[in-house]
Amino acid sequence: MPEPCRILVIHGPNLNLLGTREPDVYGRTTLSEIDASLAERAKELGCEIESFQSNHEGALIDRIQEAHSWADGILINPAGLTHTSVSLRDALAATALPVVEVHLSNIFRRETFRHHSHVSAIAVGVVSGFGPASYRLGLEALRRSLDATSE
Ligand code: DQA
């Protein structure tokens, strides 16, 4: 029997603007297109996903806290909060769930203030720089990690 795989997918601030936001950096794929293709891949992997985007740190933290009671893992693009939010990191750590951090852009090729992530140290791993595919790769990695911990 494969491990249960209920994943909370979190998109941080400004990711609702994908498609029109700095397309030279983030491409033209919209957030609903990313969510739709992620849902398809999730099905193939035997996972159920629930996606949530907010521009508000507290709303993201509330969702993350709730995940403790139902999810098996968290896939998160913390967006700008990656680089600033200790509270978001603490909320993720408090769930004690495996976390995979993803970024559309390669944050290490960009401005130096993007090089540090408060989340990476509590994540199982990070996928950065593959555009919308970062989410798919992150989900696949999370699935593998759930399977590996059950062995
Ligand atoms: C991002 C990278 C962050 O530095 C930025 O603030 C974002 C998006 C990415 O997906 O590449 O909003 O997380």
Quick check on residue 100: is it more than 19 Å from residue 16 (Cβ to Cβ) and open to solvent by 50 Å² or more (accessible area, probe 1.4 Å)?
no
Considering only the range 94-117, state which residues are away from the ligand (no atom under 12 Å from the Cβ) and either at pLDDT below 95 or in a loop (DSSP other than H, G, I, E, B) (or both).
96, 97, 98
Single unsatisfied condition, residue 150 versus (1) touching a strand residue (DSSP E or B) at 6+ places or on another chain (Cβ under 9 Å); (2) away from the ligand (no atom under 16 Å from the Cβ):
(1)
Could you list, in sequence order, the residues of the range 1-45 that are open to solvent by 50 Å² or more (accessible area, probe 1.4 Å), aliphatic (A, V, I, L, M) and in a loop (DSSP other than H, G, I, E, B)?
1
Filtering the range 63-84 down to residues that are in contact with a helix residue (DSSP H, G or I) (Cβ under 8 Å, 6 or more places away or on another chain), more than 9 Å from the ligand (Cβ to nearest atom) and in a helix (DSSP H, G or I) yields 64, 65, 67
Could you go through the range 81-91 and let me know if any residue there is within 18 Å of residue 132 (Cβ to Cβ), in contact with a strand residue (DSSP E or B) (Cβ under 9 Å, 6 or more places away or on another chain) and open to solvent by less than 20 Å² (accessible area, probe 1.4 Å).
yes
Taking the range 122-145 and the residues there that are assigned to a helix (DSSP H, G or I) and open to solvent by less than 20 Å² (accessible area, probe 1.4 Å), the one that is farthest from residue 109 (Cα to Cα) would be 143
With the checklist (1) within 23 Å of residue 129 (Cα to Cα); (2) outside any strand (DSSP E or B); (3) open to solvent by less than 70 Å² (accessible area, probe 1.4 Å); (4) of a type in the set (Gly, Ala, Ser) in hand, flag the one item residue 51 doesn't pass.
(2)
Look at residue 58 and say whether it is within 16 Å of the ligand (Cβ to nearest atom), surrounded by fewer than 18 Cβ atoms within 10 Å (Cβ to Cβ) and not in a loop (DSSP other than H, G, I, E, B).
no
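The values are calculated or read from the model by the stated rules, or taken from the named source; none is laboratory data. This one's a predicted model, so the numbers in the text were calculated from it and none came from an experiment. Positions of Cβ are generated from backbone atoms using ideal geometry, with glycine treated the same way; all protein chains shown enter the neighbour counts. Note: accessible area is taken over every heavy atom of the protein model, side chains too, but ligands, DNA and RNA are not part of it. Shrake-Rupley method; radii C 1.70, N 1.55, O 1.52, S 1.80 Å.
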